[in-house]
Amino acid sequence: MISSGNPMYSEIEASTKWCPHVRIPQGFKGGDNSAIASANLDEGSSNRCIASDCMMWRWQPLMADKAFEEAVKKAAIELNDKHPQRFKSGKHVLANREKYGLPENPTHGYCGLAGGFLT
């Protein structure tokens, strides 16, 4: 299960983060820490995350979102769904995202370089 306590970013937020695949050019004269710091602070730097343009970008599944959980709870009341897993309510919410104010597509994701976030 994906943890909601781990960093999920919009693509704009991700574009402000350092990419772990950035390599410092050979012959760079700064120390290790200054190389990372200076590359990370350059405006318009190509050292930043490119989000969904990267093969490792992973979208947060819609069903891992707190808003989805709340919509399923609301649908369970509306549909009188008393099953502990609320399968009927979840299916209803997925089919009626707009009614519950949920996006059609994911809006946040994360760097999948090290795999997914597990709870």
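The values are calculated or read from the model by the stated rules, or taken from the named source; none is laboratory data. Treat the numbers as computed from the prediction; the structure is a model and nothing was measured. Backbone-built Cβ (ideal geometry, glycine too); neighbour counts: all protein chains shown.
Every residue, every condition in (1) assigned to a loop (DSSP other than H, G, I, E, B); (2) at pLDDT 90 or above; (3) surrounded by fewer than 16 Cβ atoms within 10 Å (Cβ to Cβ), yes or no:
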| site | (1), (2), (3) |
| --- | --- |
| MET55 | yes, yes, yes |
| GLU69 | no, yes, yes |
| ALA75 | no, yes, no |
| LYS82 | yes, yes, yes |
| SER89 | no, yes, no |
| LYS99 | no, yes, yes |
| LEU113 | yes, no, yes |
State all residues of the range 57-67 that are over 16 Å from GLY101 (Cβ atoms) and surrounded by fewer than 14 Cβ atoms within 10 Å (Cβ to Cβ); if no residue qualifies, say none.
PRO61
Hey, can you tell me all the residues within the range 44-53 that are at pLDDT 90 or above, surrounded by 10 or more Cβ atoms within 10 Å (Cβ to Cβ) and not in a loop (DSSP other than H, G, I, E, B)?
ALA51, SER52
Would you check if GLU11 is touching a Ser or Thr at 6+ places or on another chain (Cβ under 8 Å) and at pLDDT 90 or above?
yes
